[in-house]
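Contents: one structure, followed by commentary.
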Amino acid sequence: MPQTLFDKIWESHVIEDFGDGWALLHIDRLLIHDLGGAPALNELKRRGLKVRNPELVFATPDHAVSSAPGRTGETFPEGAQLWSGLRKMTREAGIRLFDLGEDGQGIVHVMGPELGLVLPGATLICGDSHTCTNGGMGALAFGVGSTECVHALATQTIRQRKPRRMRIRLDGALGQGVTPKDVILHVIGKFGAAAGVEHSIEYAGSAIRQMDIDGRLTICNLSVEMGAKSGIVAPDDKTFAYLAGRPFAPGGKVLEQALLHWRSLASDDDAAFDRDETVNVAEVSPTITWGTSPQHAIAIDDMIPDPSTESDLDARATMRAALDYMGLEAGRSIAGTKVDWVFIGSCTNSRLSDLRDAARFAKDRRVDARVTAWVVPGSLAVKRQAEAEGLDRIFRNAGFQWREPGCSMCVAANGERIPPGARCVSTTNRNFVGRQGPHARTHLASPAMAVAAAVTGAISDVRCL
Amino acid sequence: MEPFRVVKGGAAALMQTNINTDVVIRIERLTNADRSKLGRFALEALRYRADGSENPDFPFNQSKYRDAPILIAGRNFGCGSSREGAVWALMGMGLRCVIAESFGDIFYGNCFQNGMLPIRLPDSQIQMLAREAAELSGAFTVDLERSKVTTPSGRTVDFTIDPMRREALLAGLDDIGLTLARSSAIGVWQSADRLARPWVWDTGGRPAR
Ligand code: SF4
């Protein structure tokens, strides 16, 4: 029977089939971070259990550590215990930790691919919903809760029910000023925040094949914002070239063996999907969100939508509440809305290519006097490489703050928040109520669009810079 | 974990769509996580006003719903972050059952790890339940053994729950114990896999290029 890529990876990891779609799956990589790591390892201990395969578990602090220049694990006091707990517990368990200031540290979904820990055809989980990012490498990767994380630490497996399969073909060429972030926001705007619930999404099509790995990671990153636990892109020569020489990627004879396997990882031509969609990316404009769900995405030259045109009453009320929270008026153009903050960072858009793109627009420009703008690189490796290329100087000269790697204002778990009522254009993935701080207003956009907002002081079309 | 068999009591409706787990529990509340103390922070952005006082429009602040163990919610409830603290917080405010048209996948799975029952029903039934919750004051009964919700007016609605999950909830078991019993099968699989996919197991790491 023809199989999808997802089915192939799933089936090759089934240890036991429980019937009814349920299986015990082997987990090849388990990543843990400061927020969940020590609590999970403590819970394991409380139950009198041990980490089954510490050699397959990797850790880094990212969520609750300060991003201030010169930071330590104690700069954000409320996170200090989580950080020191992660150090202590990983040492005890024999888990490799990429600690602050050490090669490899970074946002967990940025450091994984970068180190070559995330491999095509592998299964990977982490107690974080954006684990789906790693699907950009051709891995089956999804986020889990705390108890499931403890389960995986103890057994190196997870019990899962096979989701339905969805394919989104992205065909065509990206227009000027349009990035993978715009494409995926557009897709979520089109299909909705629940379109992927109980599905695993495969992204295919000519635009995906053209896209570099960083772009694919960005696309897969927002799969969970469509409700899907995982998103995946079939690995290809771009993937293999990306992996070549990375610290944890295979080399030599084993690599040849791996490549043979990796090249078989694609959906069969006649494989059936429960839902199949095609989007022509040539139609995508630079895109930005207006509301409090990633599905509230519109083109930069669109008007803020009018709830009264929405027929579903619950959805209409939700739109009204979103407009109210965001302090916006229906029917106005989104462009020109004044902003107070700009945040460039997060596992969505903090890789080197994102920073290069942002720097291209920031060069020889100035951040508007009323805007506070931050750049938080996704990992120490990104930060060092950006500095080697002089990107940090471009940002600093333009008036951006250049900070230490971590999640920072994406989730405000480390005390770095947008003040109440302030408006932020952010390269992150969630514009939820209170996500960047209580009463903070978030507009999701690409790094280029974030720079456009920073230098003009308002939501602006990057194509007009 | 407390088994779930029959839960009886009030139901309150929150019909906004896409209520996410950031809204259910703010991340900062989880950095000092004592999971037993999260109840008062559950849904705080909706539950309290900017000055910290209770928002009287929020159903759980009204005497009729204050101790309701059942939440009827808009579709895609619990989307977003994987934080299991969302389930702990809702349970901390006394909830045992959430009924919605659809749920965020990770939240849905987390419920079962903690003795919370998430029930999926079609929109028309959700609307009916929400109406009864608003208009009548009697108790709802959620019976997992019979997979049935009974409304205050006596209407019954059947629901389906995956049999494996249903058994585990009825018995009050999370997955960990069940899987530990399969430790040797895991060992056998891993030994074979080490030979078949050595690149997965060679995690010593090399110096960066
Ligand atoms: S950057 Fe944001 S979305 Fe990504 S892992 Fe960190 S908090 Fe989560």
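Please state the shape class of segment A:218-286: rounded when a/c is under 1.5, otherwise prolate if a/b exceeds b/c and oblate if not, all from the C-alpha gyration tensor.
Cα axes put segment A:218-286 in the prolate bin.
Where a ≥ b ≥ c are the square roots of the eigenvalues of the C-alpha gyration tensor, would you call segment A:333-464 rounded, which needs a/c under 1.5, or, failing that, prolate if a/b is larger than b/c, or oblate?
Because a/c hits 1.5 or more and a/b fails to exceed b/c, segment A:333-464 counts as oblate.
Show me the ranking of peptides A:135-143, B:175-183, A:286-294, A:100-108 by mean Cβ neighbours inside 10 Å, starting with the highest.
In decreasing order of mean packing, A:135-143, B:175-183, A:286-294, A:100-108 become A:135-143, A:286-294, A:100-108, B:175-183.
Would you work out if segment A:114-166 is rounded, prolate or oblate? Take a ≥ b ≥ c from the square roots of the eigenvalues of the alpha-carbon gyration tensor; rounded if a/c is under 1.5, else prolate when a/b is larger than b/c, oblate otherwise.
The shape class here is oblate.
Report the one residue of B:GLN190, B:VAL149, B:GLY172 whose Cα lies farthest in the direction of the positive end of the charge dipole of segment B:149-209 (charges on C-beta: Lys and Arg +1, Asp and Glu -1; origin at the Cα centre).
Of the candidates, B:GLN190 comes out farthest on the positive side.
What dipole magnitude, in Debye to the nearest 20, does segment A:333-464 give about its Cα centre under +1 on Lys/Arg Cβ and -1 on Asp/Glu Cβ?
Using only the charged Cβ atoms, the result is roughly 120 debye.
Just to check I understand the Karplus step: with θ = phi - 60° and J = 6.51 cos²θ - 1.76 cosθ + 1.60, what whole-Hz values come out for segment B:143-159, glycine and proline as x?
10, 6, 4, 9, 6, 9, 10, 10, 8, x, 7, x, 5, 10, 10, 8, 10
Over the whole of B:136-147, what's the average partner chain Cβ count within 10 Å per residue? Rounded to a whole number, please.
Across the residues of B:136-147, the mean count of other-chain Cβ atoms within 10 Å is 0.
At a 10 angstrom cut-off on C-beta neighbours, averaged per residue, how do the peptides B:112-120, B:62-70, A:194-202, A:85-93 rank from highest to lowest?
Descending packing order for the listed peptides: A:194-202, B:112-120, A:85-93, B:62-70.
In peptide B:171-180, how many Cβ atoms from other protein chains are near each Cβ within 10 Å, on average?
5
Calculate one ³J(HN,Hα) per residue across segment A:231-246 by plugging θ = phi - 60° into the Karplus curve 6.51 cos²θ - 1.76 cosθ + 1.60, and present them in order as whole Hz with x for glycine and proline.
My calculation for segment A:231-246 gives x, 8, 10, 4, x, 8, 4, 4, 5, 5, 5, 4, 6, 4, x, 6 Hz in order.
Relative contact order for chain A: what percent, with Cα pairs under 8 Å and sequence separation of 6 or more?
Over chain A, the number comes to 17 percent.
For every other residue with a beta carbon closer than 11 angstrom to the beta carbon of A:ALA297, add +1 if it is Lys or Arg and -1 if Asp or Glu, then tell me the sum. Please list the in-between numbers first.
Numbers: positive: A:LYS181, A:LYS190; negative: A:ASP182, A:GLU225, A:ASP302.
Around A:ALA297, the surrounding residues sum to -1.
Mean separation of Cα pairs under 8 Å and 6+ residues apart, divided by the residue count of segment A:113-154: what relative contact order is that in percent?
36 percent
Taking amide H atoms as placed 1.01 Å from N in the peptide plane, list the residues 5 or more away in sequence, or in a different chain, whose amide H sits under 5 Å from that of B:ILE72.
Amide H neighbours of B:ILE72: B:ALA12, B:ALA13, B:LEU14, B:ILE99.
If I compute solvent accessible area with a 1.4 Å probe over the protein chains, what percent of it on segment B:6-198 is carbon and sulfur?
It is 50 percent, rounded to a whole number.
Roughly how far apart, in whole Å, are the Cα centres of segment B:33-66 and segment A:189-262?
40 Å
Given Cβ point charges of +1 (Lys, Arg) and -1 (Asp, Glu) and nothing else, what value in debye, to the nearest 20, does the dipole of chain B about its Cα centre take?
280 debye
Which percent of the accessible area of segment A:333-464 is formed by carbon and sulfur heavy atoms (probe 1.4 angstrom)?
For segment A:333-464, the apolar C and S fraction of the accessible surface comes to 47 percent.
So for chain A, if I pair up every lysine 8 or more residues apart or on another chain, how many of those pairs have alpha-carbons under 21 Å apart?
Pairs that pass both the separation and distance tests number 13.
Given H placed on each backbone N at 1.01 Å, which residues far from A:THR442 in sequence or on other chains put an amide H within less than 5 Å of it?
Close amide H contacts, sequence-distant or interchain: A:CYS424.
What list of ³J(HN,Hα) couplings, whole Hz, do you get for segment A:5-21 from phi and the Karplus terms 6.51, -1.76, 1.60, once you set θ to phi - 60° and write x for glycine and proline?
4, 4, 4, 4, 5, 4, 5, 6, 10, 6, 8, 8, 9, 8, x, 6, x
Mind checking the per residue accessible area of chain A for me, 1.4 Å probe, whole number of Å²?
I get 32 Å² per residue for this part.
Can you give the mean number of other chain Cβ atoms that lie within 10 Å of the Cβ atoms in peptide B:12-23?
The mean count of partner-chain Cβ atoms within 10 Å per residue comes to 6.
Chains B and A: how much accessible area gets covered up at their contact, both sides added, probe 1.4 Å, in Å² to the nearest hundred?
5900 Å²
What number, in percent, do you get for the relative contact order of segment A:333-464 if the mean sequence gap of Cα pairs under 8 Å and at least 6 apart is divided by its residue count?
35 percent
Find which of A:HIS261, A:SER67, A:GLN160 sits farthest along the positive direction of the dipole of segment A:5-262, computed with +1 on the beta-carbon of Lys and Arg, -1 on that of Asp and Glu, about the Cα centre.
A:GLN160
State the Cα centre-to-centre distance between segment B:88-141 and segment A:125-167 in whole Å.
Computed from Cα coordinates, the inter-centre distance equals 25 Å.
Carbon and sulfur atoms: what percent of the 1.4 Å accessible area of segment A:1-138 do they account for?
50 percent
How large is the accessible surface per residue of chain B, computed with a 1.4 Å probe and reported in Å² as a whole number?
Details: 8580 Å² over 209 residues.
Here the residues of chain B average 41 Å² of exposed surface.
For n ≥ 4 DSSP H runs only, could you compute -39500 (n - 2.57) per run for the protein assembly as shown, divide by its residues and tell me the 222 nm figure to the nearest 500?
Numbers: 24 runs with 218 residues, N = 674.
Only helices count here, giving -9000 deg cm²/dmol.
Please list the non-local residues whose amide H lies under 5 Å from the amide H of A:ILE32, H modeled 1.01 Å from N, same-chain partners needing a gap of 5 or more.
Under 5 Å from the amide H of A:ILE32: A:PHE58, A:ALA59, A:THR60.
Can you give the local net charge around A:PRO405? Use residues other than it whose beta-carbon is closer than 9 angstrom to its beta-carbon, Lys and Arg +1, Asp and Glu -1.
Neighbour charge sum, excluding A:PRO405 itself: 0.
About the Cα centre of the protein assembly as shown, how large is the charge dipole given +1 on each Lys and Arg Cβ and -1 on each Asp and Glu Cβ? Please answer in debye to the nearest 20.
Dipole size: approximately 1180 debye.
The values are calculated or read from the model by the stated rules, or taken from the named source; none is laboratory data. Given the structure is predicted, the values throughout are model-derived calculations rather than measurements. Backbone-built Cβ (ideal geometry, glycine too); neighbour counts: all protein chains shown. Ligands, DNA and RNA are excluded from the accessible area calculation, which covers all protein heavy atoms including side chains. Shrake-Rupley method; radii C 1.70, N 1.55, O 1.52, S 1.80 Å.
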